[in-house]
Each structure stands twice: as structure tokens, then as C-alpha cells.
Amino acid sequence: MPNKKKVTLQTIADHLGLTVHTVSKALRGLPGMSEQTRREVIGAAGRLGYRTKEQERGMAVERIPIYSSKPRRFAFVVPHAGLVFIHQKLYEGVQARLTEFGHKLEMLFAPPDAGSDAEFDEWAETYGLLYTDGLFLTPMISARTEERLLRLPVPKILLNYPPPAAQVDSVIWDVSSAVHQSVQFLLANGHRRILYIGDIRLHRGFRLRWQAFQEAMASAGMSAEEDRHLTRSGSKDLYTRMLSDLLIREKPTAILSGLEHDLAWVYYGCSLLGRRIPDDYSLIGLEHAPNAHLPDLTRPELPIKEAGVRGADRMLWRLSNPNLPYEHIRLQGGFHKGATVLAIGKT
């Protein structure tokens, strides 16, 4: 790899067999090339370590050393139960950013929640957590294990919403704003009877989704009582029965699915009643990525990989500024209008 301090537009052009003019236009977002060429230029710039003057100025303001004097080792901790899509995308974001600076990122599975403090300490010692340069803690780690991890005396970035009074920097995609965006879009299309679906107890982020829904509805002059929405999980039969009962009793015109794994059940429950989406019920889902089975689902866009990139930046910032106050960063994405919401009166 070329020395990052010497990477120029000409370096990228030579690497790809393009002209400097084309490379410059690609990095500035100007027209005149295919999107494939633009992606290749941007990818090569990242791999080779090219930075614009604006990027260098921005990192100087954040007090992040642009070129590290030594490679560092970080750990990326995920729940012991296994990976889901959000962990993979977060890891990609963190790894891509740290790799630019020559750092190493290791993925570790958290120990089971049922273990003793001694067993946790043994696990931490086995993987050398106290000798890492920092830890990235992901969503869905159990509360007890997360608390133990937060007590470790190494820099940490919580890629999640922080618990109350936690002394840690955090970076997360803003599900509260995503819910507000969703409710506002439904209201703008004439929907007033909106059914919320999603467990509100299991994780902090799940509870925040529900609280945001209540706030958004209250802002429109409507209430959102828990017993009028599907906020509990259960067996297949129980879940289907609760959903069917609510659809019949509450007569919603729209459904907001707060958790991605509930979407299949929403479609199944509607089909049992002989009803369809979006003809009978408009639907918005808080999907973490485009759904291959529902490619045009109306949904807020959740910047998960971007949260990983920003988390890596925050870690490098924390290492350079150990005594400054903790910060909590929420990234807001756009909104994909899709094809699963119909305005009232339209078919």
C-alpha cells in the first residue's frame, strides 16, 4: 500500500487506469461517468487512504490523528446468542474505518449471562480485553453482561442507546426519529387509526420505539394505550390470535411494525382474515435493510453501517481526548416512500 501521506489524485488515477480529471469528478460527485466507475474511484480512494483537504480539516477539528503512529487492537463484542444483520453491518462499518488507519478489529462473542463474576473475569482474561486499545459494544447484549463490560477500565464505544448515567460514548441510528418519520408519513396520507406492532420490553431500543410512537401520536392529538396495540411477543398461535383480535377490534387503516422480524407475522395475520397490504392496511416497517421479499416496503432508512463508521471515529477521538465529556451521537437516515402505504380513499 502506498504511504498515505503521499496518496494523490494521480495515485488513484494510475491505480485504476483513469484520468486525474475523471477521479476528481467522481470524488466531487460530478456527472460524466457511470455509477460503477464512481464507486470504483471512491472505493480505491478509501483503500489507498486518500483524504480531501476538507476531510483532513474535519478530523483536525475532532482532534483525531489522521495517520496513526502505531497499529492498535480493538475488540468488537456481540451477544453470545449469535450474529444478526445489524451486527454484521456494524462490524463492516467499524472495520472499514479502522483498517484505513492500519488498526486491527477482532470479533468476540460475549459470555452467557448466567455466568458468575469470576467466570466473566476469566473470559475477559482469556481474550485479553484489558490489553486492547478499546471495545465496541453492540446491541442485544444482555443487560448484566453489558454492565460488566462497561465496568472494564478500557475505552469503550457503545453502539447502542446508553443506559441511564452510563459513563461511555455512544453512537446509534436514531430509531426515535425513524418512528416519528413513519407516523408523520402515515398522518400525511390520511391515516389516523395506526396499529403499532413490536415487543416493547426486551431491549432499550425496543422501548424507545414505543415511546416515540406514543409521543408522535400525542403530537397529533391522539393517544396510544398499550392494550390497543400488539406490544408483547408470544407463541405462533398466541401472536396470531392477538393480531387478528386487534385488527378486528381496532379497525386500523395502517400498521407500523417496529421490529423487522414481525413483518412475516403481519402478512400472515392479515392473510388469515382475507385482507391484503396495502389495499386493506397500509404498512411501514422499521427494516434494517431492503427486504428481498418486500423490495418496495415503505420504511425509514436506518444508517447502521454508517453508525459503525462513526463509532470508529468516536473511538479514535476518545483515545486522543480521554478527559473530555462523554458524547451520545444519533444518526438520522432518510425515508423510503415505497409502495406499501396508500392515501386514504385511494386503491
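The values are calculated or read from the model by the stated rules, or taken from the named source; none is laboratory data. Worth saying up front: this structure is predicted, and the values here are computed from it rather than measured. With ideal geometry, Cβ positions are generated from the backbone for all residues, glycine too; neighbour counts draw on all protein chains shown. These accessible areas exclude ligands, DNA and RNA; they are computed on the full protein's heavy atoms, side chains included. Shrake-Rupley method; radii C 1.70, N 1.55, O 1.52, S 1.80 Å.
Determine which single condition N291 fails, assuming it passes every other condition in (1) closer than 30 Å to R144 by Cα; (2) surrounded by fewer than 18 Cβ atoms within 10 Å (Cβ to Cβ).
Here N291 clears every test but (1).
Regarding R207, is this residue over 21 Å from the mean Cα position of the chain (by Cα) and open to solvent by 20 Å² or more (accessible area, probe 1.4 Å)?
Values: over 21 Å from the mean Cα position of the chain (by Cα): no; open to solvent by 20 Å² or more (accessible area, probe 1.4 Å): yes.
Criteria not met by R207.
Taking only the range 243-261 into account, find how many residues are open to solvent by less than 50 Å² (accessible area, probe 1.4 Å) and under 29 Å from the mean Cα position of the chain (by Cα). If you could, list the steps in order and put the result at the bottom.
Taking the range 243-261 and keeping what is open to solvent by less than 50 Å² (accessible area, probe 1.4 Å), we get 243-244, 246-247, 250, 252-259.
Cutting the leftovers down to under 29 Å from the mean Cα position of the chain (by Cα) gives us 243, 252-259.
The number of residues fulfilling the criteria is 9.
If you take the residues in the range 133-167 that are β-branched (V, I, T) and surrounded by 22 or more Cβ atoms within 10 Å (Cβ to Cβ), which one is nearest to the chain's Cα centre (by Cα)?
Taking the range 133-167 first, the residues β-branched (V, I, T) are 138, 141, 145, 154, 157.
In the following step, the residues that additionally are surrounded by 22 or more Cβ atoms within 10 Å (Cβ to Cβ) were identified as 138, 141, 157.
Values: T138: 10, I141: 15, I157: 14 Å.
Looking at residues that are β-branched (V, I, T) and surrounded by 22 or more Cβ atoms within 10 Å (Cβ to Cβ), I get T138.
What is the residue count in the range 266-283 for residues that are within 14 Å of L230 (Cα to Cα) and either at pLDDT 95 or above or touching a strand residue (DSSP E or B) at 6+ places or on another chain (Cβ under 8 Å) (or both)?
1
What pairs come up if the first residue lies in the range 234-249 and is under 17 Å from H261 (Cβ atoms), the second is open to solvent by less than 70 Å² (accessible area, probe 1.4 Å), and their beta carbons are under 6 Å apart, counting only those six or more places apart or on different chains?
T240/G269; M242/L230; L243/L230; L243/G269
Hey, does the range 138-158 have a residue that's more than 26 Å from L302 (Cβ to Cβ) and in contact with a Pro (Cβ under 6 Å, 6 or more places away or on another chain)?
Looking for residues that are more than 26 Å from L302 (Cβ to Cβ) and in contact with a Pro (Cβ under 6 Å, 6 or more places away or on another chain), one finds none in the range 138-158, hence no.
If you scan the range 114-131, which residues turn out to be of a type in the set (S, T, Y) and modelled with pLDDT under 90? Steps first, answer last, please.
Taking the range 114-131 first, the residues of a type in the set (S, T, Y) are 116, 126-127, 131.
Passing the criteria: only S116.
Within the range 66-81, does at least one residue satisfy the condition of being more than 29 Å from L158 (Cβ to Cβ), modelled with pLDDT of 65 or more, touching a helix residue (DSSP H, G or I) at 6+ places or on another chain (Cβ under 8 Å) and not in a loop (DSSP other than H, G, I, E, B)?
Looking only at the range 66-81, we keep the residues that are more than 29 Å from L158 (Cβ to Cβ), and these are none.
No, that holds for no residue.
So K104 fits all but one of (1) open to solvent by 60 Å² or more (accessible area, probe 1.4 Å); (2) more than 24 Å from E306 (Cβ to Cβ); (3) of a type in the set (D, E, K, R); (4) modelled with pLDDT of 90 or more; what number is the exception?
Against the list (1) open to solvent by 60 Å² or more (accessible area, probe 1.4 Å); (2) more than 24 Å from E306 (Cβ to Cβ); (3) of a type in the set (D, E, K, R); (4) modelled with pLDDT of 90 or more, K104 comes up short only on (2).
Which of the residues spanning the range 201-220 are in a loop (DSSP other than H, G, I, E, B) and modelled with pLDDT under 90?
Passing the criteria: R201, L202, H203.
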